[in-house]
Amino acid sequence: MKKLVITLLTGLALMLAWVNPAYADDYLRVGMEAAYAPFNWTQDDDSNGAVQIEGTNQYANGYDVQIAKKIAEKLGKKPLVVKTTWNGLIPALTSKKIDIIVAGMSPTEERRKEIVFSNSYYRSQPVIVVRKDSDYANAKSLADFKGTKLTSQQGVYLYDLIDQIDGASKETAMGDFAQMRQALEAGVIDGYISERPEALTAEDANSIFKMVNLDPGFKTSDEEVTTAVGMRKDDIRIDEVNTAIAEISSEQQVALMDEMIKSQPLESDTEEETPNFFQQMLGIVQNNGSQFLRGAGITLLISIIGTVVGTGIGLLIGVYRTAPQAKTKALAFFQKLFGWFLNAYIEIFRGTPMIVQSMVIYYGTAQAFGIDIDRTLAAIFIVSINTGAYMSEIVRGGIFAVDKGQFEAATALGMNHSQTMRKVVLPQVIRNILPATGNEFVVNIKDTSVLNVISVVELYFAGNTVATQTYQYFQTFTVIAIIYFVLTFTVTRILRYVERRLDTDTYTTGANQMQTEVVK
């Protein structure tokens, strides 16, 4: 137990060493998805003026990236892309995880309540992307889409445009355009509403997609079709940003967008040689194996440390909650008060999803207290305290499963509660809860996928990046599923082996003790 406590305290000290107030440096941290070509995408090198993505050896490029470079130059900073999910962009900005948002975002009235926007740096046009072999490939007007199943990205004005199509089924909004393309290719939806540059990219990347221009088209407001840079309300650099944007004429904007459309990395999609499904999977692994390995490594790192620390938390809480009541009234009061705190911790973290906890802890601590935590450390902390809440109940059940006679015997021998737990109870508890601990480990491996909301580059995040690069969604996610299965299957087999060894050791120890008693 002493070693466990020392380990936990050391880990806590290391965590605190990583925590520091949000700060400004020579970099302009630019938030974007890096998955919305040609506005922004992810690539493996710095070709064509790409910018490094924070915390990775990858780069971001696209129209947004080139605009961000011009803004950074005007501000005397170096651009650094912080890859962030769409729904996490505004929380990341207000919590000072990023300095500006350059992600094709429209300055809507709802967003203006939280942040301020620069002048427009691009005007777009909403279109519909469908399958080329569908009945809607030759549609000319909104009326032709009656009875279709349509969707768009969550949190953008494009999704609300579906209401203008009489008789269309408004499907659930999706997290990003990668999910929409996958759903369209699979036939789950009939089309999705996008902007012209993205639709052209999808059409060029995959011959099965087709962009449909409509006349008459959607009715939009000026603020909906413009894109602007998002900034915090207290950021005094808004005038400098507007000056940088004003130096880019409308003709230069069009030329830059055309250049980015031509520069974006697209998988060849020729009809001369179409590899089968398994060949495509093999090609994805060969070309992107390093990304999958790094993602799997981060997943294992977070899940292993989270499970070990969480189990330690569970053991400490379990021991504390089974301790006898203090004899003095003051100590008994504080003991009961701390017990209420532990109960609240357990109920809160068992009763809320980890994805919500991630958003609150990572962005909330920075926004409320001005504290900036490394995202990988934040991920370990989130998984650890979440696991601790579950393990505390598992440990409590394991302690209650120990025969009461052993507690009475230990008391008769003069042992106090701490000695009884350390020498008699916990060795049995650890063995009894090992299967449940292993199950929690497997769950943590899979649940790390939700940490993509705070931009942790774990296996799912890395795989989703590959999917947006290759446009081979089903093939890529099949590879990811196989990797997850290999990880969980291997862990399960290792834990089963440990259980058998513990059973053998326990039997041998018991037999030796019986022989000793007989000799005596």
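Looking across the range 145-167, the residues that are crowded, with 16+ Cβ neighbours inside 10 Å and more than 32 Å from the chain's Cα centre (by Cα) come down to Phe145, Ile165. When each of Ile313, Ile317, Ile355 is tested for being open to solvent by less than 30 Å² (accessible area, probe 1.4 Å) and not charged (D, E, K, R), the lone residue that passes is Ile317. Within the range 69-87, the set of residues being under 30 Å from Val450 (Cβ atoms) and not in a helix (DSSP H, G or I) comprises Pro79, Leu80, Val81, Val82, Lys83, Thr84, Thr85.
Matching residues to (1) modelled with pLDDT of 95 or more; (2) within 23 Å of Phe441 (Cβ to Cβ); (3) open to solvent by less than 70 Å² (accessible area, probe 1.4 Å); (4) of a type outside the set (A, V, I, L, M, F, W, C):
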residue	(1), (2), (3), (4)
Met257	no, no, yes, no
Glu267	no, no, no, yes
Glu272	no, no, no, yes
Gly289	no, no, yes, yes
Gly351	no, yes, yes, yes
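Could you list, in sequence order, all residues of the range 146-186 that are free of Cβ contacts under 8 Å to residues at least 24 places away in the same chain, assigned to a loop (DSSP other than H, G, I, E, B) and touching a Ser or Thr at 6+ places or on another chain (Cβ under 9 Å)? Those that are free of Cβ contacts under 8 Å to residues at least 24 places away in the same chain, assigned to a loop (DSSP other than H, G, I, E, B) and touching a Ser or Thr at 6+ places or on another chain (Cβ under 9 Å): Gly147, Ile165, Gly167, Ala168, Glu171, Thr172, Ala173. Of all the listed residues (Thr437, Thr468), the sole one being among the hydroxyl-bearing types (Ser, Thr, Tyr), more than 12 Å from the chain's Cα centre (by Cα) and farther than 25 Å from Ala34 by Cα is Thr437.
When Ala137, Ala103, Ala143 are checked against the criterion of being hydrophobic (A, V, I, L, M, F, W, C) and assigned to a helix (DSSP H, G or I), a single residue qualifies: Ala143. Taking the numbered list (1) of a type outside the set (Ser, Thr, Tyr); (2) open to solvent by less than 20 Å² (accessible area, probe 1.4 Å); (3) in contact (Cβ under 8 Å) with a residue 60 or more places away in the chain in turn, Asp64 passes all entries but (3). Any residue in the range 233-244 that's over 17 Å from Glu114 (Cα atoms) and touching a residue at least 24 places away in the same chain (Cβ under 8 Å): show its pairings with residues that are of a type in the set (S, T, N, Q) and open to solvent by less than 30 Å² (accessible area, probe 1.4 Å) at Cβ separation under 7 Å, as long as the two are six or more apart or on different chains. Short answer, once both residue conditions are applied: Val241/Ser118; Asn242/Ser118. Every listed requirement among (1) among the polar types (S, T, N, Q); (2) under 30 Å from Glu408 (Cβ atoms); (3) modelled with pLDDT of 90 or more is met by Thr328 save one, (3). Gln279 meets all of the listed conditions (1) modelled with pLDDT under 90; (2) surrounded by 14 or more Cβ atoms within 10 Å (Cβ to Cβ) but one, namely (2). For the range 113-120, does any single residue satisfy the condition of being open to solvent by less than 40 Å² (accessible area, probe 1.4 Å), assigned to a loop (DSSP other than H, G, I, E, B), touching a Leu at 6+ places or on another chain (Cβ under 8 Å) and not small (Gly, Ala, Ser)? Yes, that holds for at least one residue. Among the residues making up the range 14-67, those that are modelled with pLDDT under 85 and assigned to a helix (DSSP H, G or I) are Leu14, Met15, Leu16, Ala17, Trp18.
Here's a check for you: in the range 199-224, which residue that is of a type outside the set (S, T, N, Q) and at pLDDT 90 or above is farthest from Tyr121 (Cα to Cα)? Let's see the steps before the verdict.
Applying the first criterion (of a type outside the set (S, T, N, Q)) to the range 199-224 yields 199-200, 202-205, 208-212, 214-219, 222-224.
Restricting the remaining residues to those that are at pLDDT 90 or above gives 199, 208-212, 218-219.
Working: Ala199: 19, Ile208: 31, Phe209: 28, Lys210: 26, Met211: 23, Val212: 25, Phe218: 21, Lys219: 21 Å.
The qualifying residue farthest from Tyr121 (Cα to Cα) is Ile208.
The values are calculated or read from the model by the stated rules, or taken from the named source; none is laboratory data. This is a predicted model, so every value here is computed, not measured. Every residue, glycine among them, receives a Cβ derived from its backbone with ideal geometry; neighbour counts consider all protein chains shown. Calculation scope for accessible area: heavy atoms of the full protein, side chains included, ligands and nucleic acids excluded. Shrake-Rupley method; radii C 1.70, N 1.55, O 1.52, S 1.80 Å.
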